[in-house]
Amino acid sequence: MTSEPTPRSSGEGPTVAVLDYGSGNLRSVVRAVERAGADVELTSDFATCLAADGLLVPGVGAFAACMAGLRAVKGDRLIGRRLAGGRPVLGICVGMQVLFGRGVEHGVEADGCDEWPGVVEKLQAPVVPHMGWNTVEVPEGSTLFAGIEDERFYFVHSYGVRDWRLVTNDRTRAPLVTWARTGAAEEGGDRFVAAVENGPLTATQFHPEKSGDAGAALLRNWVDSLRRAPRPTSPKEAR
């Protein structure tokens, strides 16, 4: 079956599909993205998610369970299809973690979407989970954190990516990686990836929808970027 991915909108904002695959605080995410100026639909329909201006992949819980849910709705294929066409995707929390190569949790190892090389593993810190408000180390040139570089964001997780492994060798533009720590380095705080900006693929380990004004500003930055993103011009197969 073929269909033309034409963005549908009942308002003036970009269309965003929040992927419903059984994981994440979906209603709060939907409301937060709506407040950021998007026309949002919560759905697991492949064609609808392919057609939207932006796809948001939420996620809470165990890595392996989230990957099983994602594959059940062909979410891994959907993410790959969108990125192949330069179409924006935003992952949040475990929705960010599943974009990496694999996850190791409670002795269970599971393959991820492998959009970025790397392992999601338990944080090495005196206190886990890492829960609460924290600052982040934003790289120069960030669009996602424009105007909120010095703000605090809300984290709640025990696992993360502690080693960034993607090497571009200047063949392509290097992703912008934002870091955070579970605490002071001299007190055993662990450094981990807090966000990534990699062309159309963006992700945050923290929860923007729980991060007050700073999180709202970040989501507005992402929604505003959708207005400048390319849209499909030819029919694509939606399976």
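Side notes on the structure shown:
- The angle between the Cα long axis of helix 63-72 and the longest principal axis of the Cα atoms of the chain comes to about 10 degrees, rounded to the nearest 10.
- Between helix 212-226 and the chain: long-axis angle, C-alpha atoms, 0 to 90°, nearest 10: 40
- GNM flexibility winner over the chain from Gly183, Gly103, Gly118 (Cα, springs under 10 Å): Gly183
- Result for the chain in a Gaussian network model with C-alpha springs under 10 Å: among Gly91, Gly212, Gly107, the largest mean-square fluctuation is at Gly107.
- Springs join every pair of Cα atoms under 10 Å in this Gaussian network model of the chain, and among Val60, Val127, Val193 the largest mean-square fluctuation is at Val127.
- Met131 - accessible surface, heavy atoms, 1.4 Å probe, Å² rounded to 10: 120
- The angle between the Cα long axis of helix 26-35 and the longest principal axis of the Cα atoms of the chain comes to about 70 degrees, rounded to the nearest 10.
- Amide H contacts under 5 Å for His130, placed H, 5+ residues apart: His157, Ser158
- Mean Cα-pair separation over length for the stretch 54-201, i.e. relative contact order, pairs under 8 Å, 6 or more apart, %: 21
- Intensity falloff of the stretch 19-98 expressed as log10 I(q)/I(0), Debye formula with alpha-carbon point scatterers, at q = 0.11, 0.23 Å⁻¹: -0.24, -1.12
- Descending principal axes extents, the stretch 122-239, alpha-carbon based, whole Å: 54, 36, 34
- Of all DSSP beta bridges in the chain, antiparallel share, percent nearest 5: 60
- Scaling against 2.2 N^0.38 Å puts the C-alpha radius of gyration of the stretch 15-158 at 1.06.
The values are calculated or read from the model by the stated rules, or taken from the named source; none is laboratory data. This one's a predicted model, so the numbers in the text were calculated from it and none came from an experiment. Just so you know, the surface numbers come from the protein's heavy atoms only, side chains and all, with ligands and any DNA or RNA stripped out. Shrake-Rupley method; radii C 1.70, N 1.55, O 1.52, S 1.80 Å.
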